[in-house]
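Data block below; observations after.
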Amino acid sequence: MSLLAPSPLTPPPRGEGNSHSPLTKGDRRGGCHSADGKRVYNPLGPPLLRGKTRKSKPRGFRPTNLRTLLILCAIAFLVALTSTALAAPTVRFSTFLGGNAADNITDVAIDRGGHIYVTGHTNSDNFPIVHALQDTRAAEDDIFIAKFCPTGDTLEFCTYFGGNGNDQATGIAIDSAGRVWVCGGTTSTDLRVVMPLKVQNSGYEDALIVCVSSAGDSLLFSSYLGGNGQDRASDLVVDNYGSVGIVGSTSSSNFPTVNALIDTLAGTATDAFICKINATTKTLSYSTYFGGSGADNAVGIVIDAEGAIYISGTTNSPDLPVVQPLQDTLMGGLDLFVAKIDASGVPLIRSTYWGGVQDDIPRGMALASDGKVIIVGKTYSADYPLHLPLQDSCRSCPSLSDGFVTVLDRMSGTVQFSTYLGGVSGDDEASAVVADKNGKIIVVGWTLASDFPTTKPLQSETAGLREAFVSIISSDGDSSEFSTLYGGVGDDEARAVAVVNGMIIVAGKTGSSDFPLHNPWLPKYAGGSSEGFVARFDYDDDPSLCGDYNGSGSVDVADIVHLIQFIFVHGSPLLDGRSGDVDCDGMPTVADAVYMISYIFTHGATPCALCK
């Protein structure tokens, strides 16, 4: 998924309402229900207690409290006198989602109200179905689409979608009206179609695009897309105007083209395709092949605020069209490629190979609000091109893979940084990426390496085979701010990630019956070879607003001193915008100072984490 405006990953402007969200008001107890007047909670709205301005001293105050606290502060000054980096995120919820057979979540999105949407495919007959458009599995794998409440304690809807063949979803996006768009591939010949681009499957496999209402109760659009060969959509995105961009691969010689950059299949294998569906007419604004004489496949798409399209994928074509390339020749068996295309579909603005002498395989792509285009994946190349790397060597290449993170400037196409990400003792893959509003890069994936690099981990050792991981890299690529393993005794793979306002949603599949759960909606492994999982990690994405009592722009020991002076001697006003109440109990007290000491010096809970 990408970060653009409006998109499911872009926070709403301050004060903006959300007409499609059932969340209406906050309360201190948490929880989430539809708007029926009972216990409703919006983690993205301002907590009710944060606006208080009470300055009273804590009850039962004694001078010894102040002396003890000052001693603690003095010790803290001797231990460290530095500003804090990102504190370790905390797990708000973690749950299974699946039935009695194989279930796999492939993508995740968040709407402006913080609701969580996941899609994937299932072979389970008893997948948990709620308010469904289709309440039974049709055949083989069916697609599923599900929506969780922000706090994870309510499954608001969950439905199958499929026909008489094999149906698998690969991407999900939410438009500004809250409509849910899903893409993937299908071999079914009897899918229900609504306003279709194409009414029938004319090859072995066609790409499919589906749109359902925010409540999941209406099928608004459903269509096949393809020609006489094999066609599959890999990813989709919604732009500022509600148009939907889709990428994938095709072997069809008659794939539909409109205003095409390349209007014929270039090779004998597969070409990438790029399409855009008009927001109003639901017709193709443009559709084009992209590739050379070998096999080409697009796996990611993002669209910037000006409408320019960025795609990434794999190629073994020696004659891929390149414009202003960073690398102008194919280096290995498979290289990744990155291309930028004008909003109208032509011309090709920039296109380049990127890789080393072995296989380099992109898996995910994101666009940051500060102009970074981020590509992640896995590489077997010991000479993968690096720039200012966090990790400067592939610890397992060429026999095994390492993950990679490569960041380009969207305007100039220059490399901002490029790094490996992995351990020595096993394969690693970076599967998905997103950037938060401050440009921090959040990468998820899986590893077989027992020595995968961790930073402030929630889980530091592998518990089983493949282990999911979640990593946060600073916006400039200079440091790893957080990196943890997450899983149980089986295979665990994080396949998708989304972020908004301090909420990181990670989703994927697990074969672990002991997968780490927290406040789960579905607390038991339901059976089968794999189960979907959804987890929410909360972190402080704007520490200057909570705990920054002196308004310096960072949270450090000086803020503790400022708070102590405010509480005990009515010192200078608190400038954090939260009235000093970092532990969310309703007023600034000694407990808030202790909370801050714990946060700064022992990586305790993030300020205001309990307010969410």
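The values are calculated or read from the model by the stated rules, or taken from the named source; none is laboratory data. This is a predicted model, so every value here is computed, not measured. Here the Cβ positions follow ideal geometry from the backbone for every residue, glycine too, while neighbour counts run over all protein chains shown. The protein model used for the area step is the full one, side chains on, heavy atoms only, and it has no ligands, DNA or RNA in it. Shrake-Rupley method; radii C 1.70, N 1.55, O 1.52, S 1.80 Å.
List of remarks:
- Listed by chain and number, the aspartates and glutamates whose alpha-carbon sits under 13 Å from that of Lys437, ignoring those within fewer than 8 places in the same chain, are Asp370, Asp540, Asp541, Asp542.
- Near Glu429: Cβ cut-off under 15 Å, other residues only, Lys/Arg at +1 and Asp/Glu at -1. The net charge is -3.
- Length gained on full extension, Thr283 to Ser460: 58.8 nm, using 0.36 nm per residue less the C-alpha separation.
- Solvent-accessible area of Met331 with every protein chain in place, 1.4 Å probe, in Å² to the nearest 10: 90 Å²
- Placing a label point 7 Å from the Cα of Thr329 along the Cα-to-Cβ direction, the residues of the stretch 265-293 whose backbone N falls under 19 Å of that point are 292-293.
- Given their separation in residues at 0.36 nm each and the Cα-Cα distance between them, His570 and Asn240 gain 114.0 nm when the chain is fully extended.
- Gain on full extension, evaluated as 0.36 nm per residue between Thr264 and Asp383 minus their Cα-Cα distance, stands at 39.4 nm.
- Principal axis extents of the Cα atoms in the stretch 450-492, from largest to smallest and rounded to whole angstrom, are 35, 15, 14.
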